[in-house]
Amino acid sequence: MNEQNGQNQDDNLRGTINQSSDFPQTLVQKPKGKKGVVLGISIGLGVIIIGMGVVLAAGIWDPLWNPFRPSPNKVIMEAIDNLANIKSMRTKAEFTVTTGDATEGTTKIIMDAKEDKIDPQNPKSQALFDVSFVKGGVEITLSGETRSVDNVFYIDITTLPIVLTLQLSNYGIDVSPFVGKWYKFDPKEAGVNLALLNNGAESEKMQNEIMNLFKEYPLFKAKAKLRNEKIDDNLAYHYLVTIDNENAKDFLINVFKIVQGELGSFTPEQMSDEETTKEIEAVFDRMGEITFEIWIGVQDRYIYRIKGDKDFYTLDADNVPTDKMALDFELLFSEFNQPQEIVAPKDSSNIMDLLMPFFQAWFAGGATELPL
C-alpha cells in the first residue's frame, strides 16, 4: 500500500514537472556592463554639445555668454568701416536739452532726413525738422523742410514763432508772405567756387581721409554687452558704448586740419595746432565720460539705432559751472542703399528775396536791434 502511494506521488511529481515544462521559459537578461552605460551617455552628451555648438555658431540662439560671439569692438569697427558702403539711407533723430528741471526750459529737435548718393553726379538729400522751445509754460516752435538736389539747396519755413513774427513787425518786416514758400540757393549762380560742391573728386578725397581717421583713432569702446534685439525685423547686437576721449581729441584735431586744408580761406580764422588742441581738450575734460547704447546688425553690420543721455553743466566766462543741463538723444537708421525719391520743388524763389527785407532793415539803421 505504501509502495503504491509512493509510486502515485512519483507519478504526480513527474506529471507536475511535465506540465510545468509546457510553459515558455522566462529569459533573464544579464545587466549591462558599466562600459556600455558610459558609452551611451557619452554619445548622448556629444550629440547635445555638437547641436548646441551649431546653434550658437549659427546665431540661432545667441545668449550673452555665447563663446562664438564676435568681439564687440570688432563689430563696432566693422560697422564704422561699413559706413563707406552706404550710398543712401533714412535717419530719424530726436534731441532734447533740459535746463534745470523741465519747468526752467526744454529744447527739443526732431528731424526726419533722407540721403541718396547712389548717383554721385546728382547727390540728393531731404530733411523735415521741428524745433520747439518751452520756458515758463510758453512754447515757441519753428518747423520747415530742406532739400538738396544737384548741389542746389532749397528751404521752406512752414512755421515761425509768433513772438519772432511780432518782433519783426515792429521793424516793418512782414514775414507772412515768406512762410510756406520755397527758396533756393545755387552756389554756382552766386559765384561760390567751393571745391566740395564743384569737384566730386575733392569731396570723395576728404571723405576717404576722414574714414581713415576713424580707423586710426577708434572713437568708441564697448563697455558692456546687452541682449540682442530686433529692429525692423533685423536682429542686432546691442552694446553699451563709451567714447574714447583721447582718440576723440586726436580725431577732431586731424579733422580740423583736413577741413582747413580743403576749404582754405572759406573756413573761420585758423587757430594754431596748440590752441586747437587746448580748446578740444578743455571740452572733453568738462564733459567727462560719455556713454550711449548702440544697435548693430548681426548680418549686415549696419548701425540701426543709437540712444543715450548725458548730464552736464554750462560754464561762465571764468569756467565756473553754472546751470545743470541734461541731454537725451535717439537716432534711428533705415532704408540702407535704397533709392530715395527726392525731387526739387516745382516753384522756388531766390534766397535773396527772403533775405532782402533784413538787408534793407540793416541799411536803414535798425540792424543792431534786430532779434536775430
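Shape of region 74-181 from the C-alpha gyration tensor: oblate (a/c of 1.5 or more and a/b not above b/c, with a ≥ b ≥ c the square roots of its eigenvalues).
Is the shape of region 78-134 rounded, prolate or oblate, going by the alpha carbon gyration tensor and its root eigenvalues a ≥ b ≥ c, with a/c under 1.5 for rounded and a/b larger than b/c for prolate? Note, shape of region 78-134 comes out oblate. Along each principal axis, taking the top coordinate minus the bottom one, the Cα set of region 110-159 gives 49, 15, 10 Å in descending order.
Within the straight-line cut-off of under 16 Å between alpha carbons, the lysines reachable from Lys108 are Lys92, Lys135, Lys307, Lys310, sequence neighbours fewer than 8 places apart in one chain being disregarded.
Relative to the current alpha-carbon distance between Asn337 and Arg227, full extension at 0.36 nm per residue lengthens the span by 36.9 nm.
Any read-out appearing in this document is the output of simple, stated calculations on the displayed coordinates, not a laboratory observation. This is a predicted model, so every value here is computed, not measured.
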